[in-house]
Amino acid sequence: MLKRLHLQNFTVFADADFEFGPGLNVLVGTNGTGKSHVLKVGYAVETTRYDINKRYQPNSTTSLGAISHAWAEMQDISLSRIFSVAQLIQLFRWGGEGEAEIDVKFETDKGVLIEIASATIQAYVGSASMKADSALEDEVSLLRPVFIPARDILTLSWILPTIEQLIIPIEKTCLDLLNQLRLLPLRSSEKNKTIDALKDIIGGEIQAEGDIYSLIDKSGRRVAATMMAEGLRKFGTLQKLLANGSLTKQTTLYWDEPEANLNPALLRKLAAILAELARQGFQIILATHSTDLLKEFHILSRQKDAKPLPIKYFGLNARPGEATTVVTTDNFEHLPDVVALEVELKQADELEEIFIREDREYYANHPGEQPSL
């Protein structure tokens, strides 16, 4: 589990701390405050951690110096590809001084804190140096993290067979997800209520036929994913990841704007699914500026007859020309500045005033009629 992420002079952050917890971790902020950057850097470091432990098995005799060198090399590549930059200098905060730093701490299933590595990006060199503050983790079975971008992925499966021959402008996070989706479903003797709930929502289950995904409905009819509503494809993506073992309690799920292209009814169902996964022990780090999603999480966290919902909110705020600051709370109402919410409330008040004014004008022109109570 990603426990702590400290960013210094990195993109829009001068000095920011994120203390993540199990369950839901919700990044809230307007456009340009760095929500997606936090998701990507967390995903990049976790991906490197997975690759390092895959290359160097626990109890390896490899020296710490060699592991540190490998960290630097692999993290350099990971950050460059995930952020789609030619040089790491592009990740240095504009106007910052000194070096850009990324410090990371993980927590194992046994509650042991491990400070794996810290990365440094030199402002005038643009290279990353990495130091490993501990050896490889013994008896830790790591899984690759999952990143679901804001755009639809389920209909892009045609890319994988062609990516080796053609240059296709697509982010690495999308390619990683496509590779995770193509894994075969696991055989399980236990009934998974979350997967069943997802199947009920989409009216079947997602299956692959070659490199094309389809929805197999309850009657056995095959519907191409391209014919599904984009909002439903989100649920299908989640169902496929859970069914094939890519998404587990040992996996961190990063999700950028899960509310995109969802109507209010589906948004409520998605919030309930994510809350249930969080209660089961999944770590979910998501970015949103949807007040409706925040409200749903708030309602779910206050359910008296349900298991407590582990949830933390991170309010990202930035004034023009200044670095983004972060405020952490377990209640989104305590965030000091949720601009989108303020705009929505103002809009609701203005709409109510218009309705009242229109009613007054109508009944003034129709004195014989009375408003119904």
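The values are calculated or read from the model by the stated rules, or taken from the named source; none is laboratory data. All values reported here derive from a predicted model rather than from experimental measurement. Every residue, glycine among them, receives a Cβ derived from its backbone with ideal geometry; neighbour counts consider all protein chains shown.
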Restrict the check to region 321-334 and report whether at least one residue is under 18 Å from TYR254 (Cα atoms) and touching a Ser or Thr at 6+ places or on another chain (Cβ under 6 Å). no
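Does GLN280 qualify as being at pLDDT 85 or above and of a type in the set (S, T, N, Q)? Please lay out each step first, then the result.
Values: at pLDDT 85 or above: yes; of a type in the set (S, T, N, Q): yes.
Yes: the conditions hold for GLN280.
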Out of THR30, THR11, sole residue that is β-branched (Val, Ile, Thr) and surrounded by fewer than 19 Cβ atoms within 10 Å (Cβ to Cβ): THR30
From ASP200, ASP217, grab the single residue that is of a type in the set (Asp, Glu) and more than 24 Å from the chain's Cα centre (by Cα). ASP217
Show the residue pairs that are 6+ apart or on different chains and have beta-carbon atoms under 6 Å apart, the first residue being within region 179-202 and assigned by TED's automatic domain parsing to the domain that holds GLY236 and basic (Lys, Arg), the second being at pLDDT below 95 and outside any helix (DSSP H, G or I). LYS199/GLU205
Subset of region 242-292 that is assigned to a helix (DSSP H, G or I) and in contact with a strand residue (DSSP E or B) (Cβ under 8 Å, 6 or more places away or on another chain) - its residue that is nearest to LYS172 (Cα to Cα): ALA243
Picking from LEU300, LEU316, LEU262, the residue that is touching a residue at least 60 places away in the same chain (Cβ under 8 Å) and either outside the structural domain of ASP200 (by TED's automatic domain parsing) or hydrophobic (A, V, I, L, M, F, W, C) (or both) would be LEU316
Please work out which residue is surrounded by the fewest Cβ atoms within 10 Å (Cβ to Cβ), limiting yourself to region 311-336 and to residues that are part of a loop (DSSP other than H, G, I, E, B) and among the hydrophobic types (A, V, I, L, M, F, W, C). ALA318
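Would you call GLU257 among the charged types (D, E, K, R), under 16 Å from GLY29 (Cα atoms) and modelled with pLDDT of 90 or more? Outline the logic, then answer.
Numbers: among the charged types (D, E, K, R): yes; under 16 Å from GLY29 (Cα atoms): yes; modelled with pLDDT of 90 or more: yes.
In short, yes.
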Please enumerate the residues belonging to region 288-324 that are under 24 Å from LEU142 (Cα atoms) and hydrophobic (A, V, I, L, M, F, W, C). ILE311
